[in-house]
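Chemist: Structure in structure tokens, see below.
Taken together, the values in this text are just the output of simple stated rules run on the coordinates, not laboratory data. This one's a predicted model, so the numbers in the text were calculated from it and none came from an experiment. Glycine gets a Cβ as well: all are built from the backbone with ideal geometry, and neighbour counts include every protein chain shown.
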Amino acid sequence: MHGYSTIDISTCPGMINQYLARIDDIQLNIGITGKSGTGKTSFVNAFRGMKNNDQGAALVGVNETTKTVNSYPHPKYANVILWDLPGIGTNKWKAETYVKDTGFEKFDFFVIISDTHFQENDIKLAKEIQKIGKRFYFVHSKIDQTLKNEEENDRNFNAERTLALTRRRCIRGLQEQGFEQPQVFLLSNFEPWHHDFPKLHENFTREVYPLKEYHLLCTMAAIHLEVINERKKAFKSGIKYYGAASAFGAAVPIPGLSVALDLGMIVKAVTGYVTGFDLDDSSLHRLANSTGVPYDDLRFTIQSVLGQGEITKDIILKLLTQLGSTSVLLATEESTRFIPVLGIPIAAGLSFTVTYRALNFFLDELAKEAQKVYKRALGLNIA
Ligand SMILES: Nc1nc2c(ncn2[C@@H]2O[C@H](COP(=O)(O)OP(=O)(O)O)[C@@H](O)[C@H]2O)c(=O)[nH]1
Ligand SMILES: [Mg+2]
């Protein structure tokens, strides 16, 4: 995430729009995999609306002895790339090292093709894909062939029944291997308008294409969370000066705390945090406008009283009094190293410590709120 740390936090809502406008630039990689000869290349052609013998179509029936992997753009979404992966289980592409050799991590989604029920290697692949947290479809290709064979063998042949049986057999086999609700598509690469091919296109558009948006949002969130962290670090390094000023400045006694603090200065520091993290009203309105998430939703995401409006001495006083009964303000280990040792009365040292601890606490709290608000704004349900 380096390189983003100098981004001004206030430009982020604008950045979201810029990124959204560039959504088509995000590449999504779909791995087409399965045993050799099952119809992977034909599937890529059919998916792209081409026949195997069309000009520009990928060559089928080619022996997969080389390590070249060909890629083809999706017909409608140019940045969705279909990767025609080599057949698993051949001499060059051993099952044990297939995942590593083909660089599985770089794919966002997989289609596992078999021309019969799914077998040991298909299951292995699916489990590897699950392991890296990606999703996949199972495709039973050559269903035209399955139907034809059955017709030749069975006097009481019924296409619907054969299809239903084949589907049930595939699904049951996968369930026995621990896949709870496997998505199985029965299709013929020679009839892309028939059987489950149209449904596959439809599901693909609905489920796979939005992955691009998800990628984008995660990237955006990561950038912004990094910005929040940078901002927090900068604020943190300033806290000791506030602590020192409080020790020598216009401190007033705080009831219940037996310590004198400069409340006005704490108010000023915390107000700076609120605006610095874009938690003030006008920033929230801007964020609401640029993301379409209602302002109230963003506002209600904030739980801390510090993010509810103007910071006043009263609010700070109330919080300090509440915190006074916890260990937050009086535990000293971290802050004592900043206290100059000589010639400082204990009371001054104490007000330094309390101010230091209080500001750190407020800063942490507001940084957390800022992260929550931003994730809410992007519709991300991530912790
Ligand atoms: N009947 C039928 N044959 C197919 C189908 N898909 C592929 N084939 C044939 O199966 C053979 C292997 O196909 P190919 O696409 O090269 O498989 P790959 O090795 O997995 O890439 C070729 O002869 C294709 O014409 C299909 O859906 N139905
Ligand atoms: Mg092939």
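Chemist: Can you tell me the order of 313-323, 271-281 when each peptide is scored by its average per-residue count of other Cβ atoms within 10 angstrom, highest first?
Modeler: On the way: 313-323: 16.3, 271-281: 19.6.
Highest-to-lowest ranking by the protection proxy: 271-281, 313-323.
Chemist: So, one more: Can you compute the modelled spin-label distance between residue 100 and residue 268, with each label point 7 Å from Cα toward Cβ, in nm?
Modeler: In this crude spin-label approximation the distance works out to 6.1 nm.
Chemist: Give the aspartates and glutamates whose C-alpha is closer than 20 Å to that of residue 240, dropping any in the same chain fewer than 8 places away, or say none.
Modeler: The qualifying aspartates and glutamates are 230, 262, 333, 334, 364, 365.
Chemist: At a Förster distance of 25 Å, what's the computed FRET efficiency of residue 372 paired with residue 318, Cβ-Cβ distance as r, to 0.05? Can you show the working numbers first?
Modeler: Values: r = 22 Å, r/R0 = 0.90.
Result of the calculation: an efficiency of 0.65.
Chemist: Working out 0.36 nm times the residue gap between residue 53 and residue 120, then minus their Cα-Cα distance, what length gain in nm do you get to one decimal?
Modeler: Values: separation 67, 0.36 × 67 = 24.12 nm, distance 3.17 nm.
Contour length minus the Cα-Cα distance gives 20.9 nm.
Chemist: Right, something else. Among the GluC sites (Glu not before Pro) within region 84-192, which fall in a DSSP loop and have no more than 14 other Cβ atoms within 10 Å of their own Cβ? Don't jump to the answer; show the numbers that get you there.
Modeler: On the way: sites: 96, 105, 120, 128, 150, 151, 152, 160, 176, 180; in loops: 180.
Sites meeting the loop and neighbour criteria: 180.
Chemist: On a 20 Å Cα-Cα criterion, which of the cross-link pairs 100/134; 51/212; 232/375 come out too long? Could you put the intermediate results ahead of the total?
Modeler: On the way: 100/134 15 Å; 51/212 28 Å; 232/375 17 Å.
Violating the 20 Å Cα-Cα cut-off are 51/212.
Chemist: Between residue 168 and residue 241, what is 0.36 nm times their sequence separation minus the Cα-Cα distance? Round to one decimal in nm.
Modeler: Details: separation 73, 0.36 × 73 = 26.28 nm, distance 7.10 nm.
Contour length minus the Cα-Cα distance gives 19.2 nm.
Chemist: Residue 135 to residue 310: extension gain in nm, 0.36 nm per residue of separation minus the Cα-Cα distance?
Modeler: Numbers: separation 175, 0.36 × 175 = 63.00 nm, distance 4.66 nm.
Working it through step by step, the gained length comes to 58.3 nm.
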